[in-house]
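Visitor: Quick one: this structure, given as structure tokens, is what I'll be asking you about.
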Amino acid sequence: MGHLTIRASPVRMKSRRNPCAAVTYGAESAEYATLVLEPPDRPCASAARLRLVIQLEGVTKHYPRSNRPSVEDVNVFIDKGEFVFFIGPTGAGKSTMIKLLLREEVPDKGKITVGDTDVTRLRRWKVPAYRRSIGCVFQDFRLLPNRTAAENVAFALEVIGKPRSVARRVVPEVLELVGLGGKEHRYPHELSGGEQQRVAVARAFVNRPLLLLADEPTGNLDPDTSIEIMRLLDRISRTGTTILMVTHDSNIVNQMRRRVIEIENGQIVRDQARGVYG
Amino acid sequence: MRAKYVMSEVFLGLWRNISMTIAMIITMAVSLSMLGAGLMLYNQVDVIEEFYQTNLEVVVYLERNIDQPTTDQIEAALKASDLVANYQYEDKEKALERFQETFKESPDLVKAVEADVLPSAFRVKMNDIADAPKLIKEFEGMTGVYQVTNQREILQQVFDILGGAQRLTLIVALVQGVAALMLVANTIQVAAYSRRREVAIMKLVGAPNWFVQAPFVLEAVFAAVIGSIFAFGTLIAAKFLVIDGQFADLFKLMPPITMQAILVLLPILVGVSAVISAITAWITLRFNIKV
Ligand SMILES: Nc1ncnc2c1ncn2[C@@H]1O[C@H](COP(=O)(O)OP(=O)(O)O)[C@@H](O)[C@H]1O
Ligand SMILES: [Mg+2]
């Protein structure tokens, strides 16, 4: 299986470098067949630890019409380039954490910092600019049904005012990266679930976000397809993009052996580097 | 590029919800033509007032059997009064001519009246017509004076009618305006619902708020502009068919409503309706599409 290099794109907003890229690449391709994805080497991980990307300090979220807090006094620190799984039973508060990070919800207490942005004190009109630094993938793909794969990806560039010439150059590149070369002009209903999710990943990644949030991205996919999506996310992670993924899939968690944060009743009950589903 | 996307979304939105779009345009057109009519009447009252300001007279009617010395006395009093700008004596023959001119539509009445029946009079132009009551008080008791009338009081009735009509049009404009704005709010809600996928994705990838809101706000503005153009057409038709046509005689009594007075209404109607619709749409969006 050949490697796709992810080139620095002209659309990237801030220049980011992954100190691990040169070291880690190359060796793991043979292991993809069984999806034993080695976590980055130790020295590399510490090199990446130079900068915190996510800081949650004492974050509490209590929905108005709920009898208990959905997220309660959560403290999480995530470094640049880390790949983190959020696991836990249904209703534990995982999606709420994603919404808090996306600034779809505002916490009642505590402080959230993403990159250099204090999300809790972000002014309303600055939210769109903030969201451009985050990519997002969901269980239900969220594609526009009346647009082709390429148009769906281009839409993300279009609505933030990128010139068409940028889309023309970048969209085929990123679709190639997610393994959809040749299917650019298919509509979502002409693609399989896995392929639709690849389009969604391409859309989330096309702006080279600092952070990629994925809320059960493999929830609607069969095991084989899930593994393919995980490979894709792993590859993106290795470009230095921080990835935070909510999942129920113990197989994936156990094989990837990345940091695992387990949540129950809105609280963190386990935070383990190279963790397993448990 | 983005402008093209926004415009195609606007027309798609209006077309997808065509019955609501039509209802919105009709109520807006009714409301705006009433508003236009109200503004026209408002303007007309001013025009009439100005027109008569210089033409209004106080008429001092004399006793029928008055003698020359008494007439001279009254004339001297008018000459002495500093409220009076100038005056004109009108004898019985002149009064008859005027009467015949005024009532030429009723030949029987004209035939029945002889010069002897009509009183002679002084027609007085005032320095300021507002002082008419003072003059009336001064002359009413005087020997040889039969009656003093103030034309302004007659005109007041015309003003009252115009004022009433104006109030009525403005009330209809307001009620229809409220209905139109409710339709705008409803249309925006329906549009926001049918475009919820696009909106959710746009917000997710960080499209600026104005860009997310633009297609909705422009839908409302578009309907407002079409509505005002219809209202403007209605007002022009009203001028030709009603004012210059059916009721031309009625409007002879006052200066005509000029084409110019109607033309200035177009930018006013377009501006007012576009701004208010846009604000309504924007407020509706604040509740329907949260950041
Ligand atoms: N909008 C909301 N209003 C009220 N309660 C909510 C809302 N969203 C989620 N909840 C509640 O918050 C808790 C956590 O939900 P969620 O974060 O979606 O859980 P998870 O994604 O871990 O399954 C649940 O008890 C859920 O009922
Ligand atoms: Mg969830």
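The values are calculated or read from the model by the stated rules, or taken from the named source; none is laboratory data. Only a predicted model underlies this, so the values are computations on that prediction, with no experimental measurement involved. Cβ placement follows ideal geometry from the backbone for every residue including glycine, while neighbour counts extend to all protein chains displayed.
Visitor: Can you go through B:Thr187, B:Thr149, B:Thr143, B:Thr169 and tell me which one is away from chain A (no Cβ under 14 Å) and part of a loop (DSSP other than H, G, I, E, B)?
Guide: Numbers: B:Thr187 fails: part of a loop (DSSP other than H, G, I, E, B); B:Thr149 fails: part of a loop (DSSP other than H, G, I, E, B); B:Thr169 fails: part of a loop (DSSP other than H, G, I, E, B).
Exactly one residue qualifies, and that residue is B:Thr143.
Visitor: Given the structure, is B:Val172 closer than 28 Å to B:Glu50 by Cβ and either assigned by TED's automatic domain parsing to the domain that holds B:Ile18 or surrounded by 16 or more Cβ atoms within 10 Å (Cβ to Cβ) (or both)? Show your work before the answer.
Guide: Values: closer than 28 Å to B:Glu50 by Cβ: yes; either assigned by TED's automatic domain parsing to the domain that holds B:Ile18 or surrounded by 16 or more Cβ atoms within 10 Å (Cβ to Cβ) (or both): yes.
Yes; evaluated as a whole, the condition is true for this residue.
Visitor: Check the stretch A:210-226 and report whether any residue there is away from every other protein chain (no Cβ under 14 Å), hydroxyl-bearing (Ser, Thr, Tyr) and part of a helix (DSSP H, G or I).
Guide: Yes: the stretch A:210-226 contains one or more residues that are away from every other protein chain (no Cβ under 14 Å), hydroxyl-bearing (Ser, Thr, Tyr) and part of a helix (DSSP H, G or I).
Visitor: Does A:Leu122 meet the test of being away from ligand 2 (no atom under 16 Å from the Cβ) and farther than 20 Å from A:Leu233 by Cα? Quick ask: steps written out before the conclusion?
Guide: Working: away from ligand 2 (no atom under 16 Å from the Cβ): yes; farther than 20 Å from A:Leu233 by Cα: yes.
Yes.
Visitor: Any chance you could count how many residues in the stretch A:53-96 are in a loop (DSSP other than H, G, I, E, B) and within 12 Å of ligand 2 (Cβ to nearest atom)? Even if it seems obvious, please write down each step before you answer.
Guide: Going residue by residue through the stretch A:53-96, those that are in a loop (DSSP other than H, G, I, E, B) are A:62-70, A:80-82, A:88-93.
Narrowing further to those that are within 12 Å of ligand 2 (Cβ to nearest atom): A:70, A:88-93.
Number satisfying all stated conditions: 7.
Visitor: Among the residues of the stretch A:131-146, count how many are under 22 Å from A:Asp215 (Cβ atoms) and more than 7 Å from chain B (Cβ to nearest Cβ). Please lay out each step first, then the result.
Guide: Pass one, the stretch A:131-146, residues under 22 Å from A:Asp215 (Cβ atoms): A:131-145.
Within this subset, residues satisfying the condition of being more than 7 Å from chain B (Cβ to nearest Cβ) are A:133-135, A:137-141, A:143, A:145.
The qualifying residues number 10.
Visitor: If you don't mind, another one. Condition (residue is away from ligand 1 (no atom under 12 Å from the Cβ) and in contact (Cβ under 8 Å) with a residue 60 or more places away in the chain) applied to the stretch A:87-98: is it met by at least one residue?
Guide: First pass over the stretch A:87-98, keeping only residues away from ligand 1 (no atom under 12 Å from the Cβ): none.
No.
Visitor: Is it true that some residue in the stretch A:107-122 is in contact with a Leu (Cβ under 7 Å, 6 or more places away or on another chain), within 12 Å of chain B (Cβ to nearest Cβ), part of a loop (DSSP other than H, G, I, E, B) and not aromatic (Phe, Trp, Tyr)?
Guide: no
Visitor: Of all residues in the stretch B:147-169, count the ones that are closer than 18 Å to B:Ile66 by Cα and surrounded by fewer than 15 Cβ atoms within 10 Å (Cβ to Cβ). Quick ask: steps written out before the conclusion?
Guide: If we filter the stretch B:147-169 for residues that are closer than 18 Å to B:Ile66 by Cα, which is where we start, we get B:147-148.
Within this subset, residues satisfying the condition of being surrounded by fewer than 15 Cβ atoms within 10 Å (Cβ to Cβ) are B:147.
Selection size over the stretch B:147-169: 1.
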